[in-house]
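Student: Before I ask anything, here is the structure I am working with.
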There are 2 protein chains.
Amino acid sequence: MNIKMVGYILTKILGVEAVLMFLPILVGIIYGEREAVYFLVPIALLCLIFLLGLRKPKHQEIYAKEGMVITAFSWISWALIGAIPFTISGCIPSYIDALFEMISGFTTTGSTILTDIEALPMCMLFWRSFSHWIGGMGVLVFVMVLTNLDKNRSMYIARAEMPGPEKDKLAPKMSSNVRILYGMYFALTAIEVVFLLIGGMDLFDSLVHAFGTAGTGGFSSHSESIAYFNSAYIDGVITVFMILFGVNFGLYYLALHKDFKSIFKNEELRLYLLIIMVAMVLVTMGIRDNYGSVFEAFRYASFQVGAIITTTGYCTADFALWPMLLQIIIVSLMVIGACASSTGGGIKVSRVLLMGKCIHRGVRQMEHPKSVSVIRVNGKKVDNDVLSNLYFYIFAYLAILVGSVLLVSLDNMDFTTTVTSVITTMSNTGPGLGAVGPSGNFASFSILSKLVLSFDMLVGRLEIFPILMLFTAGTWRKRF
Amino acid sequence: MNIKMVGYILTKILGVEAVLMFLPILVGIIYGEREAVYFLVPIALLCLIFLLGLRKPKHQEIYAKEGMVITAFSWISWALIGAIPFTISGCIPSYIDALFEMISGFTTTGSTILTDIEALPMCMLFWRSFSHWIGGMGVLVFVMVLTNLDKNRSMYIARAEMPGPEKDKLAPKMSSNVRILYGMYFALTAIEVVFLLIGGMDLFDSLVHAFGTAGTGGFSSHSESIAYFNSAYIDGVITVFMILFGVNFGLYYLALHKDFKSIFKNEELRLYLLIIMVAMVLVTMGIRDNYGSVFEAFRYASFQVGAIITTTGYCTADFALWPMLLQIIIVSLMVIGACASSTGGGIKVSRVLLMGKCIHRGVRQMEHPKSVSVIRVNGKKVDNDVLSNLYFYIFAYLAILVGSVLLVSLDNMDFTTTVTSVITTMSNTGPGLGAVGPSGNFASFSILSKLVLSFDMLVGRLEIFPILMLFTAGTWRKRF
């Protein structure tokens, strides 16, 4: 482990947070809020840390291990420092609560401990939602470009941060195309802001909700979430953009190059859209009687399905009151999540696809015990590395799920709340069922549970590996 | 698929059921119950079926595929016919309910749709519990021995029926040692009967509860289950025997050969005992205040832990009223289950061990990306076949779990009941939480749910493969 280089890159990454924190100050100045001054404290701290890293270390070699440790530490320290203004301003008096809120922001979860969201100053609400937008795309590759780190080195960091099972194939593309990807992210967000402004939202709300959609986060500036606006147009715009941000960004890259054939043939996209359509139909049928017309039922069904499968977690209806079948569908969508290399969470549609293909292969081998059958996705053979990665991911996911549920159950909440609070945080969705349903929040959990659920959010967003890396003995050996 | 041979073996297997059905008639005669006469109907039916199979087919080749299909059909048809006396006698008026009860019996689950168990005649109660004992050890290998089927052929059937991840290693041993294994099963059951008689149970109850323990089933002749006897001695005896029947029977074989070193070094046994000890300590601490002394708390804690990890499902306390941590521990024990090649269900301790080792290997490979590390259990390298079997099993398990929960949720019960009813039936445990907790039952489910849960019991007992085999198109091609 090249600890000096890890520290050096960390100081750069924290420097970027200092720059970004001037944005909520700007918002505070516009709205004349004196709470904006509290952002100067973390900025000062971050500048101090940045100064520590002015000298570049002699040995600059970093590999996968360092990449993961840098990623894990960056996300944790961004949240640790990003939470400071909430606590010193008194907006969120408990620092653990503020940290939970910030981790929920950066990991694009959207679970909140706030009971009265409107009580927060605009600058704080802005920073809270802006963290979704930062966390959605991942900051580290962006920072790598800014700091001119060698391409091969930034690859290791990109790999640790990008979601999805096939990291190796993505990474080389990433380093050359990072500007295009960020450009598309900017552009899509800007288009959504325009659409929301047309719908009559003010600029502040448009920005906040575009950040929440783009990052598939789910923080709103209103306690009622999107239901506050009570507009079919706004519901529609946000539904479409949530689903768009849940698509693999690599496909937008293909669209730019007019390779529509590959897009059409993409198995993950097809499964993603199929699941969405089936879920929308079932939910529409299930809630038909709650609404005046099929169209109205479809409006609420499509919004909730879009919000949950993309793990955004915005709400316009309280699905915790729906028939049990629909609640189970919602929880299943949560676990599945969005496409790989999107801003969404969950175990990803591509992993579900791979698991399905593994089952199919197993059945074929039962029928023909001597056949050796390969697994293909999009017509290409899936590497054994990708598969063993999948097995490891699923087993570790299950182990962390069970461990977290055990720890959270110490709070002695009901079974539904205990289990779904862990599922929704591990999937970076936001709401669950029971006390953490759409009309509830995470305020009543103990400090231990809040820390466990924060851990689950990080594990979910960074897909287990980098966070697990921090806890392995081998990581901390052999320094130079 | 050699359908003629499958049919031929099936007729033999059903002939054995006819013979076994004379036992409840004997019980009926002893207790002077005229309901015993209803057993003659299925016996007549079985004899008719047996006569159909007097001519041995020309082509006698059977392979893994046929083995699985025979296994699946045997279990299903035993239950289909075994359920007849309950319905025609009017004891369980609905045939679907009777079928649920019989599948629950043969799969050693112990979930019941009965609301008043004591209302049943003794002969019916005997048959219900006897099905646990038959199902516990698996009948097919026994039948193979009786019918003098060639060893290599019976191996394919033994493999389909034996629980645990390493079927290949077991099977050759099995075919030569099947008499010893059944002998030990008989002997251990007989010893338990003696211990229960000493505790003051009458012979009928002793037999019923020894069958329930030996098969890790859980049917009792009393609605209150073991709590009815209210005896620390009986609780203790049953706790010890449940745990003994949850041990890999291969280890008893080693004990007969005085190979205690291998037993001591067996990793699955060590993990099994470790989980039991930790769970007993935690549960004792958690329910300490409900009881007069630590010893009393330990009595109830150890019984419930033993009953659940071995997936027996007997109860002396209502764990659905315990603190949430203990409820989560109970559900986790249910999923883990007993050792491979025991009479217990669940995913098996050996699979949990393998999953843990896969996670450990994944972590090692994160640290040293170029290292190729093998997985060892008991000092021996685990075959790739065993591992790909594990992946398939776990993925199929998860898929069936989610699918079943979706179907059962149509009944619109609460989340806890919906989820745990599927978990407890897939694990062949018996009780779950919520409406299916220790003081509840499965009577209020719809016909669809009862069929889904029956399917889950079969899938759990036969470990997915044979049942899945029935649904694959390739199974039914190429007959001769």
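The values are calculated or read from the model by the stated rules, or taken from the named source; none is laboratory data. Everything numeric here is computed off the predicted structure, so don't read it as measured data. Positions of Cβ are backbone-derived with ideal geometry, glycine not excepted, and every protein chain shown enters the neighbour counts. What goes into the accessible areas is simple: the full protein's heavy atoms, side chains included, and nothing from ligands, DNA or RNA. Shrake-Rupley method; radii C 1.70, N 1.55, O 1.52, S 1.80 Å.
Student: So what is the relative contact order of chain B, in percent, for Cα pairs below 8 Å that sit 6 or more residues apart?
Tutor: Across chain B, relative contact order equals 19 percent.
Student: Could you calculate the contour length gain from A:K380 to A:F471, that is, 0.36 nm times the residue separation minus the distance between their Cα atoms, to one decimal place in nm?
Tutor: 29.3 nm
Student: In addition: Apply the membrane-span-like helix rule to chain A: whole DSSP H runs, Cα extent along the own long axis of at least 24 Å, mean Kyte-Doolittle hydropathy at least 0.0. List the helices found.
Tutor: A:3-20, A:64-82, A:167-198, A:267-287, A:349-367, A:384-408
Student: Still on this model: Which of the aspartates and glutamates could a cross-linker bridge to A:K12, judged by Cα under 20 Å and excluding same-chain residues fewer than eight apart?
Tutor: Result set, ordered by chain and number: A:E61, A:E66, A:D150, A:E161.
Student: Which whole-angstrom value gives the distance between the alpha carbon centres of region A:54-103 and region B:181-258?
Tutor: 57 Å
Student: If you don't mind, another one. Over all residues in A:390-397, what is the mean tally of Cβ atoms on other chains that come within 10 Å of each residue's Cβ?
Tutor: Average neighbour count from other chains, rounded to a whole number: 6.
Student: I would also like to ask the following. Please go through region A:350-436 and write out the trypsin sites (Lys or Arg not before Pro) that DSSP classes as loop and that have at most 13 other C-beta atoms within 10 Å.
Tutor: Taking region A:350-436 and a limit of 13 other Cβ atoms within 10 Å, the loop trypsin sites (Lys or Arg not before Pro) found are A:K370.
Student: Also: In nm to one decimal, list the spacings between the B:A255 label point and its equivalents in the other copies, with label points set 7 Å along Cα to Cβ, shortest first.
Tutor: Spacings between copies for this position, smallest first, are 6.6 nm.
Student: Calculate, for chain A, the solvent-accessible area per residue in square angstrom, rolling a 1.4 angstrom probe over the heavy atoms of the protein chains.
Tutor: Values: 18190 Å² over 480 residues.
Result: 38 Å² per residue.
Student: Take the cross-link list A:K65/A:K258; A:K381/B:K348; A:K381/B:K370; A:K450/B:K370; A:K348/B:K370 and give me the ones stretching past 29 Å between alpha-carbons.
Tutor: Where the Cα-Cα span goes over 29 Å, the pairs concerned are A:K65/A:K258; A:K381/B:K348; A:K450/B:K370.
Student: Can you tell which of A:T343, A:I276, A:L451 lies farthest toward the positive end of the dipole of chain A, using +1 and -1 charges on the Cβ of basic and acidic side chains (Lys, Arg; Asp, Glu)?
Tutor: Farthest towards the positive pole: A:T343.
Student: To continue, here is another question. How far is it, in nm, from the label point at B:S293 to the one at B:N412 when both lie 7 Å from their Cα along the line to the Cβ?
Tutor: 5.2 nm
Student: Sticking with this one: What are the nm distances, shortest first, from B:R288 to its equivalents in the other copies, labels at 7 Å along Cα→Cβ?
Tutor: 5.7
Student: Let me ask something else. Before rounding to the nearest 500, sum -39500 (n - 2.57) across all DSSP H runs of length at least 4 in chain A and divide by the residue total; then give [θ] at 222 nm in deg cm²/dmol. Could you put the intermediate results ahead of the total?
Tutor: On the way: 22 runs with 309 residues, N = 480.
Here the helix-only value at 222 nm equals -21000 deg cm²/dmol.
Student: Calculate the FRET efficiency for A:K58 and B:R364 from the Cβ-Cβ distance with a Förster distance of 25 Å, rounded to the nearest 0.05.
Tutor: 0.25
Student: Per residue of B:359-365, what is the mean number of Cβ atoms on other protein chains within 10 angstrom of that residue's Cβ?
Tutor: Average neighbour count from other chains, rounded to a whole number: 6.
Student: Residue separation times 0.36 nm, minus the C-alpha to C-alpha distance between A:L274 and A:V37: what's the value?
Tutor: That works out to 80.5 nm of additional length.
Student: Label A:Y182 and B:H222 with points 7 Å out from Cα along Cα→Cβ: what is the distance between them in nm?
Tutor: Calculated label separation equals 7.3 nm.
Student: Can you list the aspartates and glutamates whose alpha carbon sits under 12 Å from that of A:K380, skipping same-chain ones fewer than 8 residues off?
Tutor: Correct list for A:K380: A:E267.
Student: Enumerate the amide H contacts of B:V377 below 5 Å, restricted to partners 5 or more residues apart or on another chain; note that Pro and chain-start residues carry no placed amide H.
Tutor: Correct list: B:V382.
Student: Of all accessible surface on the protein assembly as shown at a 1.4 Å probe, what whole percent is carbon and sulfur? Kindly include the intermediate steps, with their values, before the conclusion.
Tutor: Numbers: 24180 of 36370 Å².
Heavy-atom surface of the protein assembly as shown belonging to carbon and sulfur, 1.4 Å probe: 66 percent.
Student: Still on this structure: Averaged across B:320-330, how many Cβ atoms of other chains sit within 10 Å of each residue's Cβ atom?
Tutor: 4
Student: Given labels modelled 7 Å from the Cα in the Cβ direction, how far is it in nm from A:V372 to B:E118?
Tutor: The answer from the label model is 6.5 nm.
Student: With a 1.4 Å probe on protein heavy atoms only, work out how much accessible surface A and B bury together, total over both chains, in Å² to the nearest 100. Don't skip to the end; give the middle numbers.
Tutor: Details: alone 20100 and 20090 Å², together 36370 Å².
That pair of chains buries around 3800 Å² in total.
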